[in-house]
Amino acid sequence: MFVFAGLGNPGRQYEGTRHNIGFECIDYISYLYRIPVTKVKFKALIGEGLIEGEKVLLVKHQTYMNNSGESLREIVEYFKPDLGRLVVIYDDIDLDLGTIRIRPRGSAGTHNGMRSIIYQLISDDFPRIRIGIGRPDPSRDLVSFVLGRLSNEERQVMNETIKKVGLSVQEIIVNGIDMAMSKFNGK
């Protein structure tokens with residue numbers, strides 16, 4: 001079983017913000033592979049289905065970003081997936097807008113949601129798909145930037161990036177993380 005978890009904040013006021021790109025990716029994957037994400041369980045909205053014959057769980061935690069690890073810990077304790085099959089999808093200010101960076105493991109970097117997950121799982125040995133949202137200019141604070149909405153031009157770039165993330169999920173399942181990295185890392 002693969003678990004694909006997108007990070008974001010629950011609630012209408014956060015829809016369409018840079019920090020909710022992980023949720024948007026799960027929504028697109030749900031649409032692309034016809035896996036409804038509607039069941040409420042494990043402090044999350046989840047959907048179970050198949051991609052390329054492989055059982056998949058799609059996850060949108062319903063805790064706030066800084067506590068996202070609570071939901072994923074419950075899911076890991078219940079389903080017991082190999083951590084190499086838990087893929088976390090999230091925004092990253094350290095990457096240019098629209099850049100995809102798939103990695104088999106790594107640190108949390110500056111992302112509080114990833115810090116929570118690593119703390120709760122007591123491991124950073126799981127794959128992740130980082131999605132570049134760019135950095136704010138120095139006159140703008142980080143919180144208002146990540147909780148801000150994309151411009152129309154940025155939205156077009158991000159929509160294309162989200163489509164690529166959807167395709168990378170299939171690549172990860174069929175050919176593995178290394179092949180997905182070589183095929184999708186970059187812009």
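The values are calculated or read from the model by the stated rules, or taken from the named source; none is laboratory data. These numbers come from a predicted model, not from an experiment. As a convention, Cβ positions derive from the backbone with ideal geometry for all residues, glycine included, and neighbour counts pool all protein chains shown.
I'm told M114 meets every condition in (1) under 13 Å from the mean Cα position of the chain (by Cα); (2) more than 20 Å from F23 (Cα to Cα) except one. Can you identify the failing condition by its number?
Among (1) under 13 Å from the mean Cα position of the chain (by Cα); (2) more than 20 Å from F23 (Cα to Cα), the lone unmet condition for M114 is (2).
Sort out for me the helices (runs of 4 or more DSSP H) sitting completely within the stretch 104-187 that have 2 or more residues that are surrounded by fewer than 13 Cβ atoms within 10 Å (Cβ to Cβ).
Of the helices (runs of 4 or more DSSP H) lying wholly inside the stretch 104-187, those with at least 2 residues that are surrounded by fewer than 13 Cβ atoms within 10 Å (Cβ to Cβ) span 142-146, 152-175, 177-184.
Residues N112, N185, N159: which one is closer than 21 Å to L32 by Cβ and at pLDDT below 95?
Within the list N112, N185, N159, the selection yields N185.
Could you list all residues from the stretch 69-82 that are in a loop (DSSP other than H, G, I, E, B) and surrounded by 16 or more Cβ atoms within 10 Å (Cβ to Cβ)?
P81
Residues in the stretch 48-63: is at least one over 28 Å from N152 (Cβ atoms), among the small types (G, A, S) and free of Cβ contacts under 8 Å to residues at least 12 places away in the same chain?
yes
Among the candidates K60, K39, K55, which residue alone is of a type in the set (K, R) and under 14 Å from P10 (Cα atoms)?
Exactly one residue qualifies, and that residue is K60.
Where residues in the stretch 13-26 are in contact (Cβ under 8 Å) with a residue 12 or more places away in the chain and surrounded by fewer than 20 Cβ atoms within 10 Å (Cβ to Cβ), which of them is farthest from L147 (Cα to Cα)?
G16
Collect the residues in the stretch 53-68 that are surrounded by fewer than 22 Cβ atoms within 10 Å (Cβ to Cβ) and farther than 23 Å from L32 by Cα, keeping them in residue-number order.
Answer for the stretch 53-68, where residues must be surrounded by fewer than 22 Cβ atoms within 10 Å (Cβ to Cβ) and farther than 23 Å from L32 by Cα: T63, Y64, N66, N67.
Is there any pair linking a residue in the stretch 134-153 that is of a type in the set (K, R) to one that is in a helix (DSSP H, G or I), with Cβ under 9 Å and at least six apart or on different chains, and which?
Sorted first by the residue in the stretch 134-153, then by its partner, the pairs are R135/L142; R135/F145; R149/R18; R149/R155.
Can you pull out every residue in the stretch 8-62 that is in contact with a strand residue (DSSP E or B) (Cβ under 9 Å, 6 or more places away or on another chain), of a type outside the set (A, V, I, L, M, F, W, C) and part of a strand (DSSP E or B)?
Across the stretch 8-62, the qualifying residues are T17, K39, G47, E48, G49, E54, K55, K60, H61.
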